[in-house]
1. Just report the Cα centroid separation between the range 246-279 and the range 156-224, whole Å.
2. Please go through the residue pairs Lys36/Lys195; Lys219/Lys308; Lys61/Lys200; Lys2/Lys163; Lys54/Lys219; Lys200/Lys274 and name each one whose alpha carbons sit more than 21 Å apart in this structure.
3. Show the residues, 5+ positions off or on another chain, whose built amide H is closer than 5 Å to the amide H of Val285.
4. Residue separation times 0.36 nm, minus the C-alpha to C-alpha distance between Gln59 and Leu276: what's the value?
5. When you take every Cα atom in the chain, what is the radius of gyration, and what is Dmax, the widest Cα pair distance, in Å?
6. Please compute one quarter of the surface area of the Cα convex hull for the range 49-185 and express it in square nanometres.
7. Where does the Debye-calculated log10 I(q)/I(0) of the range 1-42 sit at q = 0.34 Å⁻¹, using only Cα point scatterers of equal weight, no solvent?
8. Please tell me the relative contact order of the range 7-351 in percent, rounded to the nearest whole number, where contacts are Cα pairs under 8 Å and at least six residues apart.
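No lab work stands behind these numbers, since they all come straight from the coordinates. Quick caveat: nothing in here was measured; it's all calculated off a predicted structure. Ideal geometry is used to build each Cβ from the backbone, glycine not excepted, and the neighbour counts take in all protein chains shown.
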Amino acid sequence: MKYLPLGSFVRLMVIIAQQGGVPARSIMHLLPWLIKTILLEPFRLLELVIFERKIRNHQLKEDPIFILGHYRSGTTFLYRILMQNRQLGYMTMLQSVAPEFMLLLEKPLTPLLEMIAKIFKMRNHFHRLPLSWDFPGEDDVGMTALVTPLGSQWGVMFPENFKDQFNKNVLNTNASWLNQYQYLVRKISMAANGKQLVLKSPPNTARVKELLKAYPNAKFIYIHRNPMDVYGSSVQFWDTILREYVLGRSSDFNKHETILWQYEKMISAYLDQKYLIPEENLTEVAYQDLINDPSATVESIFRILKIKGYEESRYAMDAFIETQRTYEKLKHKNNPNAKEISIRWKKIFDHWSYPTPQTNHDDGHTAKKLSEIS
């Protein structure tokens, strides 16, 4: 089906049918998918003809650097700092939403899309920033954008099926998932001219074992944040998804239970698997340290993992950090579910010695500090 005209559209229709269909109120959210899989289909086929053999034969010179951590834990802020190191490659937002023709169209299309975004004052809803197509992308979004059932983000698009998709494509991935993932990573590597990649996608936090099968010498940066702040920010994260992106029905979707369940499953999987990573290839970073002293925290990451390019990029990273000091962080209301959260997530609170809600919990919103997004 890969070379079949409108193959992506056919796969999209099959996935939608399997997930229960798209209600009338979500039809507008479906429109970008239809444009991509119908109007832009010739570019997908052309990229296959021109690049498919090169993609299959491409070899990474170095295994990637993976940023791990649950959603809303500071992964994007850390990613944006590391992106200032031009000796490293990364995945852009455009690559993540249009991976099937990114090698063919990214360079000519990006300036045009950036101009359109500025003219129409388009926004990055998750990060409350002006939209930029050079913003960090996530490989799990890319896997879903390839219109393969192996993409974990179908659970986000169809939230009533979230747990099923998360179990299948995050907690219990198989050889098919890994093969498709490596295909995507090779494309990202080609777009980055073979530079060592830094990749950030929160679901990878639960896939350490699978990632090591493909990339045994990979380096891992795990960032953790106070679970109460993760919960509060995750509520707003899901509100944005349900308002702006969801395709499927959500009337029976339990946002609170989903957040509790996903966080517990994802972090437990990481704690169970992190021992597989060679000690010299893993460092763990506290979100609070990153926003209190980002320069020192990033320097320690480079030193511990022996990542190249620190001296050459330190001024660029510090300059970027300075631009973020005016970023206003959202404030979360007192959580009526605090007791349940502290019970369900006790293992995580205890592992990193975070205060439970019964103690004096400093929510980190009283001082002006650097932050990714709330």
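1. Centre-to-centre distance over Cα atoms comes out at 14 Å.
2. On the way: Lys36/Lys195 28 Å; Lys219/Lys308 12 Å; Lys61/Lys200 19 Å; Lys2/Lys163 28 Å; Lys54/Lys219 26 Å; Lys200/Lys274 17 Å.
Among Lys36/Lys195; Lys219/Lys308; Lys61/Lys200; Lys2/Lys163; Lys54/Lys219; Lys200/Lys274, the Cα-Cα distance tops 21 Å for Lys36/Lys195; Lys2/Lys163; Lys54/Lys219.
3. Hits under the 5 Å cutoff: Tyr222, Ile223, His224.
4. On the way: separation 217, 0.36 × 217 = 78.12 nm, distance 2.38 nm.
Full-extension gain reported as 75.7 nm.
5. Using the Cα atoms of the chain, the pair Rg, Dmax is 20.1, 61 Å.
6. Details: hull surface 38.9 nm².
Averaged projected hull area, Cα only: 9.7 nm².
7. Result of the Debye calculation: -1.16.
8. Numbers: 460 pairs, mean separation 87.0, N = 345.
Relative contact order for the range 7-351 comes out at 25 percent.
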